[in-house]
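Structure, as C-alpha cells:
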Amino acid sequence: MNGTTEVLLSEEQLQTRIRELGRQIGQDYAGKEPLLVGVLKGAAMFLVDLIRAVDLPLAIDFMAVSSYGAATESSGVVRILKDLETPIEGRDVVLVEDIIDSGLTIAYVLDMLRRRGPASLKVCALLVKEKAVEAGLKADYVGFTIPDKFVVGYGLDFDEKYRNLPYLGVLAS
Ligand code: IMP
Ligand code: MG
C-alpha cells in the first residue's frame, strides 16, 4: 500500500500532537466528567488514542454518519447511521471528528446534538482543511491544518480502504 500514498503526517507527528490535545482537554475539563463522542468510522482511531492522553474520569460514545458514500466530495446529505447510546442532556460533550473538509457533516451533527441540551458542546478535530479555515469554520481543538487534498490513513478511508495506515497519506492519483 505504500506505493500509492505519500506521507503527509508521520505516525510520530500524529501521536505527539494527539498527546498534546489530550493533555489540553484534561486541563480544560478538570473536575468534570466529559463525554467524548467519536464520529465513526473515521475518528475511531483518533478517539482511542486521544482518550489515553486525557487524565480524567471520562466516558465515550460513538455515532455514525454518512455523507460521502464512495465519492471524494461531500454530497451535502448527512445520514445518521447510528445514534448515541448516552443521553447528553446536562453533559459536557466533546465531539471528536477525524477531519473537517466542507464542514457540512460537523454542522449537521452539532445542530442535532445541541438540541438535546448538553451543558457544553465542543469540537475536537484531528485535521482541518485550509478551505474550511478560510470559510470561517472553527473547531475548539485542532490537531493539524492541512492542504485541500484528499487524505487517507489513520482512520480515514477512500472507499473503505487505507484506514489502517498508522500515518496520514495523500493518495497518489
Ligand atoms: P465534510 O462534511 O466535507 O466536512 O466531510 C466530513 C467527512 O468526510 C469526514 O468526517 C470524513 O469522513 C470525510 N472526509 C473529508 N475529507 C476527507 C479526506 O480528505 N479523506 C478521507 N475522508 C474525508
Ligand atoms: Mg469516508
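The values are calculated or read from the model by the stated rules, or taken from the named source; none is laboratory data. Keep in mind it's a predicted model, so treat the numbers as computed, not measured. Please note: Cβ atoms are built from the backbone with ideal geometry, for glycine as well, and neighbour counts cover all protein chains shown. With ligands, DNA and RNA removed, areas are computed over all heavy atoms of the protein, side chains included. Shrake-Rupley method; radii C 1.70, N 1.55, O 1.52, S 1.80 Å.
Please go through the range 15-39 and give me each residue that is more than 16 Å from ligand 2 (Cβ to nearest atom) and in a strand (DSSP E or B), ordered by number.
Of the residues in the range 15-39, the ones more than 16 Å from ligand 2 (Cβ to nearest atom) are 15-37.
The answer is Leu35, Leu36, Val37.
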* Do we have Leu110 as without any contact (Cβ under 8 Å) to a residue 24 or more places away in the chain, open to solvent by 20 Å² or more (accessible area, probe 1.4 Å) and not basic (Lys, Arg) here? -> yes
* Within the range 148-163, can you find the residues that are open to solvent by less than 50 Å² (accessible area, probe 1.4 Å) and either acidic (Asp, Glu) or without any contact (Cβ under 8 Å) to a residue 24 or more places away in the chain (or both)? -> Asp157
* To do: Of the numbered conditions (1) more than 14 Å from ligand 2 (Cβ to nearest atom); (2) in contact with a helix residue (DSSP H, G or I) (Cβ under 6 Å, 6 or more places away or on another chain); (3) open to solvent by less than 50 Å² (accessible area, probe 1.4 Å); (4) under 20 Å from Leu9 (Cβ atoms), Gly103 fails exactly one; give the number of that condition.
  => (4)
* Go over the candidates Val133, Val123 one by one and state the one that is among the hydrophobic types (A, V, I, L, M, F, W, C) and either buried (at least 18 other Cβ atoms within 10 Å of the Cβ) or modelled with pLDDT of 95 or more (or both). => Val123
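Is it true that Gly42 is away from ligand 1 (no atom under 16 Å from the Cβ) and part of a loop (DSSP other than H, G, I, E, B)? Quick ask: steps written out before the conclusion?
On the way: away from ligand 1 (no atom under 16 Å from the Cβ): no; part of a loop (DSSP other than H, G, I, E, B): yes.
Spelling it out, it is not the case that Gly42 is away from ligand 1 (no atom under 16 Å from the Cβ) and part of a loop (DSSP other than H, G, I, E, B).
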* Asked: Has the range 114-129 got at least one residue that is touching a Phe, Trp or Tyr at 6+ places or on another chain (Cβ under 6 Å) and within 9 Å of ligand 1 (Cβ to nearest atom)?
  -> yes
* **Search result, residues across the range 19-34 that are in contact (Cβ under 8 Å) with a residue 60 or more places away in the chain, surrounded by fewer than 21 Cβ atoms within 10 Å (Cβ to Cβ) and not polar (S, T, N, Q)** => Tyr29, Lys32
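Of the residues in the range 9-39, how many are within 16 Å of ligand 1 (Cβ to nearest atom) and touching a Ser or Thr at 6+ places or on another chain (Cβ under 7 Å)?
Initial filter on the range 9-39 (within 16 Å of ligand 1 (Cβ to nearest atom)): 9, 14, 36-39.
With the extra rule that they be touching a Ser or Thr at 6+ places or on another chain (Cβ under 7 Å), the set shrinks to none.
Going through the range 9-39 one residue at a time, the tally reaches 0.
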* To do: For the range 99-115, state whether one or more residues are of a type in the set (D, E, K, R) and within 29 Å of Val7 (Cα to Cα).
  => yes
